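Chemist: Encoded as structure tokens, here's the structure I'll be asking about.
The values are calculated or read from the model by the stated rules, or taken from the named source; none is laboratory data. Computed from a prediction, not measured in an experiment: that's the story for all the values here. Backbone-built Cβ (ideal geometry, glycine too); neighbour counts: all protein chains shown. These area figures cover heavy atoms from the full protein model, side chains too; ligands, DNA and RNA do not enter into them. Shrake-Rupley method; radii C 1.70, N 1.55, O 1.52, S 1.80 Å.
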Amino acid sequence: MTQTAFSSPIAPSAPADLILWFEDIGIHDIPRVGGKNASLGEMIQQLAPRGVRVPSGFATTASAYRYFIAQAGIAVQLQELFADLDIENISALRRCGRQARSLILDTPFPEPLSQAIAQAYQQLCDRSHHPSLDVAVRSSATAEDLPDASFAGQQETYLNVHGVKGVLEACHKCFASLFTDRAISYRTLKGFDHFTVALSVGVQQMVRSDLATSGVMFSIDTETGFRNAALVTAAYGLGENVVQGAVNPDEYLVFKPTLQQGDRPILKKRLGSKEIKMVYDLGGSKLTKNVPVSEADRQRYALSDDEILTLARWACTIEDHYSQVRHTYTPMDIEWAKDGLTGELFIVQARPETVQSQKSASVLRSYVLEADVSALTPLVTGQAVGEMIGQGLARVIHSVQNIAEFQPGEVLVTQRTDPDWEPIMKQASAIVTDQGGRTCHAAIIAREMGIPAIVGCGNATQAIASNSPITVTCAAGEVGKVYDSLLPFRVEETRLDQLPSTRTQIMMNVGNPEEAFRLAEIPCDGVGLARMEFIIANHIQVHPLALLHFDQLTDAATQAQIAQLTALYPHKPDYFVEGLAHGIGTIAAAFYPKPVIIRLSDFKSNEYANLLGGRDFEPTEENPMIGWRGASRYTDPRYRDAFGLECQAIRQVREAMGLTNVIPMVPFCRTPEEGQRVLAEMARHGLVRGEAGLQVYVMGEIPNNVILAEQFAQVFDGFSIGSNDLTQLTLGLDRDSALVAHLFDERSAGVKEMVRLLIQRAKACGRKIGICGQAPSDYPEFAQFLVEQGIDSISLNPDSVIKTTLAIAEMEARLDQAAIDR
């Protein structure tokens, strides 16, 4: 017979296990103390010896809850309340929840339970040498923190509780919170019987993060499911504001494999606004209160690099342990806090992640807007949650009291959500909030329910009108956008478990670091081209010489703009180095340990001039396409210091982050002697070809690269054919000129002969040879030509990888058959 909270109609005697200490329980005790408390006990027992700090405490048991219900004699009344409940009827749901909670709160604890809690609390005070220890009192249901259902925030938590009376009141409220409206709705949605679930309460020593910082971290990338990254968020004060989405926290992304090797691979740092913090309400009428954060604190990161790396290491340790215990990969959702009195970090909760871990790895699903949005201005932007697109009529709701106004299929627009909003969140086509970050409540629930969300928009509730048709897109990277009207979109699905292997390596062209984790899901052999200038133009935005010679800028407005961008960097060139390293590192991490070829900057002078501060340092050229670009800049006294910043960034990625799969590639190198000078300049900045496995490639895009291929092969480790420049220079035309654009064709006989010769000569010299131009993506016959010539790799745009892989597999099969027939 299945045990329920209401199994016995006769009031029993008090069970022996009303209270259990955390150090006496483990993950197998979920039926006794719920998921949250079982996890805390597991970490104290198993992970404390490995350096993971968890505050001590105790738990009331499921037996204690069942004992209370039986002693109270309210089982039948509770069951009658739920007999015909329709959770879609918001009024009925609220009425049922209110009556159930009143039944519990109006019934006092049995004396043995009150005494057990009081004695345990006093013992916790004695252990801590504090007469009235402040504690956190958290609900922990027996159907909670499961691998496919988080139950995040369904029951109540009380912080800064102290004194026996306060602890008993908080425990009583936790029991009642098993029947919050949101918990009733969530259990029904997930198929759990209300009366087989029991409630345990964890009483845990407080970490004084009200005097420091706290946050949430995941041992997986929350948006793409990329397994090798840990996401850490941080804000000031107690952690409830981060969990609830009341603040936009800082975000840090760390690469796990090289972190565990002892490197320092922080891939990204994003400054959050952190406008408020939750602190103790000392001398006030409440347990906690929110206060503003000073502007100075808002404009600095809440964690040091060492603290970020420590937390990420703990995330790896916790994930590894739970994966071992459960005999399956188990990414984790973890809450942490820093004690402002001692400076120590602590883990205060850990539960299995419930969304990305459940997704199929064999199907790639992509959402694509069919409308051209380049000319459209979004109504609002914010942080994208997931990679989907949703649309419908907007419904702006400012208070949870008004959720009955919401209609299924609408887009919910509000300041922020908490668990009380969940009865309507599951009915939404998308969610848009003013506040919150990627680990807030709205983000977690949106992922779990499979709907797109954009959080932290700032002004969505003002910029979007109720009843207006809108499209919410999270399908283009980290920035989510809301557009006016219902824009057409499509969903593409590709099976990844049926792709054939090919002798020719299929690589990918990747420009945007924000898309790298998602693109890494597509089977390929690495990155054949990552353009450094994309990172510089879109993420850094500033000309490197404007950072090196900031005081020489002539335009005050430009100088002010650069000063704002670099406010966190006393030494302004560090802004360039760190931004570039983060971008390169993210792409390298996404495809690690496969090779990632990073092309050094190849702006033309007119493109460089468009960067902030660029006009003070760039010449005006009649034909910049064949002017001061690529290798010719790197050793020129007018630019070499700027090139040094590029070298520093690559060195940081390879040495500090441990991403030795990065291969720098020199573009537009006109002569072997110029190539040698570039290598010498790189060596001056610590990038020595051949040391620590460093290879350096060269673009094969100038006829001289083909003619002198044997000499270039003595300088560089490999070639990558740039078919665009090689075509224009072989045919003698400007590919930017509309007047001769119709003559541009990579398939022309002369261009193909150049390609054939370079492949032949590179292979004869034992050098790698690939191609990273557009031609193989556009022309199957050109791809076949390359395969016939024996090219080592073909790098394609992401949308061409699958179809070209299939085509090349067929080509190779035909060539093999033809060889047999001969």
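Chemist: Out of all the residues in the stretch 462-499, which are small (Gly, Ala, Ser) and in contact with a helix residue (DSSP H, G or I) (Cβ under 6 Å, 6 or more places away or on another chain)?
Modeler: Initial filter on the stretch 462-499 (small (Gly, Ala, Ser)): 463, 465-466, 468, 475-477, 480, 485.
Of everything in the stretch 462-499, just one residue is small (Gly, Ala, Ser) and in contact with a helix residue (DSSP H, G or I) (Cβ under 6 Å, 6 or more places away or on another chain), namely Gly477.
Chemist: Collect the residues in the stretch 648-685 that are among the aliphatic types (A, V, I, L, M) and not in a helix (DSSP H, G or I), keeping them in residue-number order. Full working, then the answer.
Modeler: From the stretch 648-685, those among the aliphatic types (A, V, I, L, M) are 649-650, 653, 656-657, 659, 662-663, 665-666, 678-680, 682-683; that's our starting set.
Matches in the stretch 648-685: Met657, Leu659, Val662, Ile663, Met665, Val666.
Chemist: What's the number of the condition Glu223 fails, among (1) closer than 25 Å to Arg138 by Cβ; (2) within 16 Å of the chain's Cα centre (by Cα); (3) among the charged types (D, E, K, R)?
Modeler: Condition not satisfied by Glu223: (1).
Chemist: Mind checking which residues of the stretch 215-252 are open to solvent by less than 10 Å² (accessible area, probe 1.4 Å) and in contact with a His (Cβ under 9 Å, 6 or more places away or on another chain)?
Modeler: Across the stretch 215-252, the qualifying residue is only Gly245.
Chemist: Examine the stretch 321-343 for a residue that is in contact (Cβ under 8 Å) with a residue 40 or more places away in the chain and under 30 Å from Asp484 (Cα atoms), and state whether such a residue exists.
Modeler: no
Chemist: Suppose we keep only residues that are of a type in the set (Val, Ile, Thr) and either without any contact (Cβ under 8 Å) to a residue 24 or more places away in the chain or over 17 Å from Ala680 (Cβ atoms) (or both) within the stretch 620-647. Which one would you say is most open to solvent (accessible area, probe 1.4 Å)?
Modeler: Going through the qualifying residues, I end up with Thr620.
Condition check ((1) within 20 Å of Glu701 (Cβ to Cβ); (2) of a type in the set (S, T, N, Q); (3) open to solvent by less than 20 Å² (accessible area, probe 1.4 Å); (4) part of a loop (DSSP other than H, G, I, E, B)) across all residues:
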residue	(1), (2), (3), (4)
Leu786	yes, no, yes, no
Ile794	yes, no, yes, no
Asp799	no, no, no, no
Lys803	no, no, no, no
Ile808	no, no, yes, no
Arg814	no, no, no, no
Ile820	no, no, no, no
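Chemist: Got a number for residues in the stretch 728-739 being closer than 21 Å to Val755 by Cβ, among the aliphatic types (A, V, I, L, M) and modelled with pLDDT under 90?
Modeler: Summing the residues that are closer than 21 Å to Val755 by Cβ, among the aliphatic types (A, V, I, L, M) and modelled with pLDDT under 90 in the stretch 728-739 gives 1.
Chemist: May I ask you to list pairs of residues, at least six apart or on different chains, whose Cβ atoms are under 7 Å apart, with the first in the stretch 606-619 being within 9 Å of His543 (Cα to Cα) and open to solvent by less than 40 Å² (accessible area, probe 1.4 Å) and the second being in a loop (DSSP other than H, G, I, E, B) and of a type outside the set (D, E, K, R)?
Modeler: The qualifying pairs are Tyr608/His543; Leu611/Gln541; Leu611/His543; Leu612/Gln541; Leu612/His543; Gly613/His543; Gly613/Leu553; Gly614/His543.
Chemist: Any chance the stretch 329-339 includes a residue that's surrounded by fewer than 17 Cβ atoms within 10 Å (Cβ to Cβ) and assigned to a loop (DSSP other than H, G, I, E, B)? Full working, then the answer.
Modeler: We begin by selecting, within the stretch 329-339, every residue surrounded by fewer than 17 Cβ atoms within 10 Å (Cβ to Cβ); these are 329.
Subsequent filtering for residues that are assigned to a loop (DSSP other than H, G, I, E, B) retains 329.
Among the residues of the stretch 329-339, at least one is surrounded by fewer than 17 Cβ atoms within 10 Å (Cβ to Cβ) and assigned to a loop (DSSP other than H, G, I, E, B), which makes the answer yes.
Chemist: Going through the stretch 673-692 one residue at a time, which ones are closer than 13 Å to Asp717 by Cα and either of a type in the set (Lys, Arg) or more than 38 Å from the chain's Cα centre (by Cα) (or both)?
Modeler: Gly675, Gln676, Arg689
Chemist: Do we have Gln415 as free of Cβ contacts under 8 Å to residues at least 12 places away in the same chain and either closer than 25 Å to Glu88 by Cα or surrounded by fewer than 24 Cβ atoms within 10 Å (Cβ to Cβ) (or both) here?
Modeler: Values: free of Cβ contacts under 8 Å to residues at least 12 places away in the same chain: no; either closer than 25 Å to Glu88 by Cα or surrounded by fewer than 24 Cβ atoms within 10 Å (Cβ to Cβ) (or both): yes.
Spelling it out, it is not the case that Gln415 is free of Cβ contacts under 8 Å to residues at least 12 places away in the same chain and either closer than 25 Å to Glu88 by Cα or surrounded by fewer than 24 Cβ atoms within 10 Å (Cβ to Cβ) (or both).
Chemist: Condition test on Lys572, is it basic (Lys, Arg) and either buried (at least 19 other Cβ atoms within 10 Å of the Cβ) or without any contact (Cβ under 8 Å) to a residue 40 or more places away in the chain (or both)?
Modeler: Working: basic (Lys, Arg): yes; either buried (at least 19 other Cβ atoms within 10 Å of the Cβ) or without any contact (Cβ under 8 Å) to a residue 40 or more places away in the chain (or both): yes.
It is true that Lys572 is basic (Lys, Arg) and either buried (at least 19 other Cβ atoms within 10 Å of the Cβ) or without any contact (Cβ under 8 Å) to a residue 40 or more places away in the chain (or both).
Chemist: Scan the stretch 437-485 for residues that are open to solvent by 10 Å² or more (accessible area, probe 1.4 Å), among the aliphatic types (A, V, I, L, M) and in contact with a Lys or Arg (Cβ under 8 Å, 6 or more places away or on another chain) and jot them down.
Modeler: Met449
Chemist: Listed residues Phe643, Phe603; which is within 22 Å of Val510 (Cα to Cα), modelled with pLDDT under 95 and not hydroxyl-bearing (Ser, Thr, Tyr)? Quick ask: steps written out before the conclusion?
Modeler: Values: Phe643 fails: modelled with pLDDT under 95.
Within the list Phe643, Phe603, the selection yields Phe603.
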